[in-house]
Each structure stands twice: as structure tokens, then as C-alpha cells.
Amino acid sequence: MDKNPFNRMRDMLRAKPVPKVDVKHKVMAAIRAKENKEEKIVKKKIGLLVTVGMLVGASSVWAGVEMIQLKNEKGEVIYEITQHTDQEQQQLFKQMPPEEQKKREELNKRYEYQDEVVNEIIDGLKPGTSVAIYFKPTKEEEERQKNITWSRYKQPYITMVSTPLTYKSWKEMEPVVGKMFTLPTELAGGFRYDEGDVHYEENYEYEVDLEALKAKAIKENKDYAFTEIPSSNKYDFTSVAYKSEKGKVRVEVRIADGGKAGTNAEAMEKIMIGNNEAVLTTHTSNFHWITWVKNGTKLKYSVRAGEDVVSKDELINIAKQINEIK
Amino acid sequence: MEKTEIERLLNEIKAGSLEQYEIIIDHYQQPIFTYCYHMLGHRQDAEDAVQEVLFRAYEHLGQYTYSLSFSAWLYRIAFNHCANVLKRRKLSRVLPFLYNRDQDGRNYVEESIDSNHFGEPLERIWKRLSAEERTLMFLRVLEEREYEEIAELMDKKPATLRKQFERVLKKCKRYLPTTGGVRNDGQKSV
């Protein structure tokens, strides 16, 4: 045996094979996540938002608004989310002239009333049913209608709603959506599939007999009337509730339309879910919401739950679990 | 990779060309991993370490001044990281109640390290070496680097390192097995 300790140490060290390593992707993802977090884009001019998701384009104000853009692996922007906290919206509202404030308040009341009617109708519908609802327009709505050049609805004063199809297990749901994506039967933390809905787009192409609906409303002495219409078979989104003793976690899978969204979240940050850029929003009622578009697909995933049900990190792990399923 | 090529890449990265850092990672990840693997004796810890080193290097790139080679700068970060990990492990032995234990109360961090990497007798020797001594052994014995090069990396004089290395070799010799299976200190090696 070689008595030279240098040679013996060298031989022993060399005899130990060193595994190959590739951490490039992880390091770059960590760097990008940090960079993106620090570089939230601040846009200067925004359209005024009175109610979340309801853009009123007539006025605009100057304000600093945070926006996060999600990009795919090619660097293309695939989703954009802008933050308008409730506080900001209230401030913007207060900055308006009194007559404008009054108009907005009336408009909000009108929408609230229509929501109540729609909900009442939906409650009486069987799963998988679509209806067209006619609302008798107010004078202001008739005036506004004159300025509308394009709408998803072909006919004025018509709102279309439908009820989803409900599935009690993934096994039941899989034949319907399984070609597009797979969801787990159980999420990390012991949350089991509880109930899931598959929603289809409203049947925008269908033309209802508007005059017949108007006559029905008069006959029933109501300012609205509705009629059943054929449902569309164009997939919109799937929403599944997972349940444990702690509470529920909701997972949604939508068709990514490259669109923009607004949120009244208190905070938002960009995170990574696997190789995908994702946005994590934290809301006033103490829940977290993660949204991402899965690379190589046209699917936008989201997962949300209350802080008392799962922590932020646990929710991130759940998102990763969902994302990893082929 | 040539020094000028590295400097060009670093300048581009500092100017905002993040994707160029991938080339840097490709070039350095395996050598830094190999170093961390020998320092820590544990694959997962070494993988975590190399990620941390390359991430921190990017974060502090503005502080890199070209007064020493980029490679030496990376090794210094890796050394500091590994030394901290080893310090934590040592603390976990001294203050075990502060650290993770399994159901039987064993400190699994330390055990997984010792059983996963080095077999006897290297393990026995390695456990007796400090972070600095392990670095010196790795660079001098395994990588066969010159003292001048190691001096840059460890921020010490070559002569000091030469003496230190001789002392480390003697220490190693003490724990190397003899042909009869009995160590120089009189204890059985197996």
C-alpha cells in the first residue's frame, strides 16, 4: 500500500463518484421570480373602475395602479391582472363630481336588482339549462344603448345565463373534461374532491324572440321576462371544490383567452408554479388566490382558499400538485 | 472559458441581459457542486448549496470587482455557505434539542450525511477536518491546484497554506488505516 498520505487521500477522494447536477432551471426561475417581484409594472393612466369587473369607460382618472403580466416560456404575455383595492376604488369614487357619483350609485343599484332577479331565476333552473332574460330598459339604458357599437349579446336588453352540470366525483367528471386536463381526486393536506361544476359559455349566437319576451313581461306585469334557450356546447370553465375537516379549497380551470383581469386584492405578487409564472393575490377576507396559465396549454388554472383552511405556502404546494398532473 | 469571455458575459448580465447568466451557470454549476458535495458529504445538501451559491452570486454581482477571478469569487461564496452549513450541523450536535429529530430522538440530519457519502475510512478522516481544511484538501489533493491559486481563493498567503496543508496531511495520516487494519492511534479501523 502506498504510504504517502497525499496519494492515499487523493485515491480515496477520486474513488468517490460525484453525481451530475443541473440546477440551471431552478436558479433561473428563482432569479426571475425575484426580479419580477421587484419589477411590478406601475401604470399611470387607468379606466375608472367602480365595481370590480365592471369597467365604466366614460371617465378616467390618474392613479398609480399595479399590474402583473404573466408570460409563457416564449416570453409572450398570456395574462394580465390589474389591482384596484376597495380603498382605491372608494377614493376614486370620492374624486368624482357629485352628479357623477349619483349616477354611479343608481347604476350600481340597478345592477344589484338585476343580479337578484338573475339569481332567483337560476335557482329555479335544472342543471345544464340556459335562459335568455329580457329586462325592460330604463330611459338611461335606452340612451346608452344608442352609443353601444358592439356587444357580445346580439340583442339589446337581453342577458343570458345558464346553470352548470354538476359531478360528484372526478370519475364522473373525467369523461367530460378529461381530454383537456386532469384533476386530482385528493389535494395535498387531505382535501378530497367534493363537488365539481362544468360551465359552458352562454349561447351568444342564439337569437330570441324579443317581441314575445316584451309581451310576456307586460302580461305578467313585470319589468323582466325569460325563456329557455338551447345551451351552448362551448366549454367555459370547470370549478371543483375539495373538502377536508378544515374547510374547502376551490380549483378552477378555464380556457386562457389571453385576456386581462381586475382584482380588488389587498396584495399581489408574482410567483412560480413549476415552470409557469403565476400571480398570487391576497384578499381582505383573508384568502389567497393563485392563477397561472400552464405552459404548452391554453388552460388557465386557479386555486383559492381561506388562510384558516390552508396557509399561503400550502396553497402554493397544492397549485404545484395540480400543475404537475399531465 | 477565457477570462475576457467571462468578463464580457458579466458586463452584459449587469447591463440587464439575464439570459447570459445561464451560460455562467452551465459553466460553473458542476465544479461548484463537486466542491460542495465534498464539503458537505450529502447530495441534496450539495445541490441546495450550489443553487444558493449561484443565486447569491447573481444577487451580489454588483459587488464583484474583478480583483480576483470570478471562479475564486464563486468558491468563496460556496466556502462561506458550506462553512455555515457545517457550523449548523456542529451546533445540532451540541444543542440537539434545537434541531430536527426523528421519532427515536436521533438527529437525522447528521446521520444522513455521514451514511450517504463517505465510506470508511475517508468519513472518519473527513469528520475531523474543519471547513477550511476540507477546502484545502479538496483544492490541493483532488483538484491539484497550485498554492498561489488556492491563496487567491482562500485569501491567505501561499506559504501559510503550504504549512497548513502539511499539518492537515499529518492529521489525515493519523487516521488512515494501516495494512493490519489497525490505525496509527492503536484503534481498530473496522
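The values are calculated or read from the model by the stated rules, or taken from the named source; none is laboratory data. Keep in mind it's a predicted model, so treat the numbers as computed, not measured. Cβ coordinates were reconstructed from backbone atoms using ideal geometry, including for glycine residues, and neighbour counts include every protein chain displayed. Keep in mind that these areas ignore ligands, DNA and RNA; they rest on the heavy atoms of the full protein, side chains included. Shrake-Rupley method; radii C 1.70, N 1.55, O 1.52, S 1.80 Å.
Within the range B:143-163, track down each residue that is touching a helix residue (DSSP H, G or I) at 6+ places or on another chain (Cβ under 6 Å), assigned to a helix (DSSP H, G or I) and more than 19 Å from residue B:81 (Cβ to Cβ). Within the range B:143-163, B:147, B:148, B:151, B:158, B:161, B:162 qualify.
As a summary of the residue check, residue A:243 satisfies the conditions (1) touching a residue at least 60 places away in the same chain (Cβ under 8 Å); (2) buried (at least 16 other Cβ atoms within 10 Å of the Cβ) except for the one numbered (1).
In the range A:18-41, the residues that are more than 8 Å from chain B (Cβ to nearest Cβ) and open to solvent by 40 Å² or more (accessible area, probe 1.4 Å) form Cβ pairs under 9 Å with partners that are part of a loop (DSSP other than H, G, I, E, B) and at pLDDT 80 or above, at six or more places apart or across chains, as follows: A:25/A:275.
Being over 17 Å from the mean Cα position of the chain (by Cα) and not hydrophobic (A, V, I, L, M, F, W, C) is not true of residue B:156. Say whether the condition of being open to solvent by 60 Å² or more (accessible area, probe 1.4 Å), in a loop (DSSP other than H, G, I, E, B), over 30 Å from residue A:137 (Cα atoms) and charged (D, E, K, R) is met by at least one residue in the range A:222-236. No; the residues of the range A:222-236 include none that is open to solvent by 60 Å² or more (accessible area, probe 1.4 Å), in a loop (DSSP other than H, G, I, E, B), over 30 Å from residue A:137 (Cα atoms) and charged (D, E, K, R). Scanning the range A:176-201 for residues that are part of a strand (DSSP E or B) and within 19 Å of the chain's Cα centre (by Cα) turns up A:195, A:196, A:197, A:198, A:199, A:200. Exactly one residue among B:19, B:52 is in contact (Cβ under 8 Å) with a residue 24 or more places away in the chain and open to solvent by 10 Å² or more (accessible area, probe 1.4 Å), and that residue is B:52.
Condition check ((1) in a strand (DSSP E or B); (2) open to solvent by 20 Å² or more (accessible area, probe 1.4 Å); (3) within 17 Å of residue A:264 (Cβ to Cβ); (4) among the hydroxyl-bearing types (Ser, Thr, Tyr)) across all residues:
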site	(1), (2), (3), (4)
A:282	yes, yes, yes, yes
A:290	yes, no, yes, no
A:297	no, yes, no, yes
A:300	yes, yes, no, no
A:303	yes, no, no, no
A:308	no, yes, no, no
A:315	no, no, no, no
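Scanning the range A:207-221 for residues that are exposed (fewer than 14 other Cβ atoms within 10 Å of the Cβ) and within 21 Å of residue A:125 (Cα to Cα) yields A:207, A:209, A:212, A:220.
The rows are residues; the columns are (1) over 29 Å from residue A:282 (Cα atoms); (2) open to solvent by 30 Å² or more (accessible area, probe 1.4 Å).
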site: A:84; (1), (2): no, no
site: A:90; (1), (2): no, yes
site: A:111; (1), (2): no, yes
site: A:115; (1), (2): no, yes
site: A:120; (1), (2): yes, yes
site: A:132; (1), (2): yes, no
site: A:140; (1), (2): yes, yes
site: A:156; (1), (2): yes, yes
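Only residues that are closer than 10 Å to residue A:169 by Cα, surrounded by fewer than 17 Cβ atoms within 10 Å (Cβ to Cβ) and either touching a Pro at 6+ places or on another chain (Cβ under 6 Å) or in contact (Cβ under 8 Å) with a residue 40 or more places away in the chain (or both) were counted in the range A:182-206, giving 3. Suppose the filter is more than 14 Å from every other protein chain (Cβ to nearest Cβ) and in a helix (DSSP H, G or I); does residue B:54 pass it? Criteria not met by residue B:54. Quick check: is even one residue across the range B:23-41 outside any helix (DSSP H, G or I), in contact (Cβ under 8 Å) with a residue 12 or more places away in the chain and facing chain A (nearest Cβ under 10 Å)? Within the range B:23-41, one or more residues are outside any helix (DSSP H, G or I), in contact (Cβ under 8 Å) with a residue 12 or more places away in the chain and facing chain A (nearest Cβ under 10 Å).
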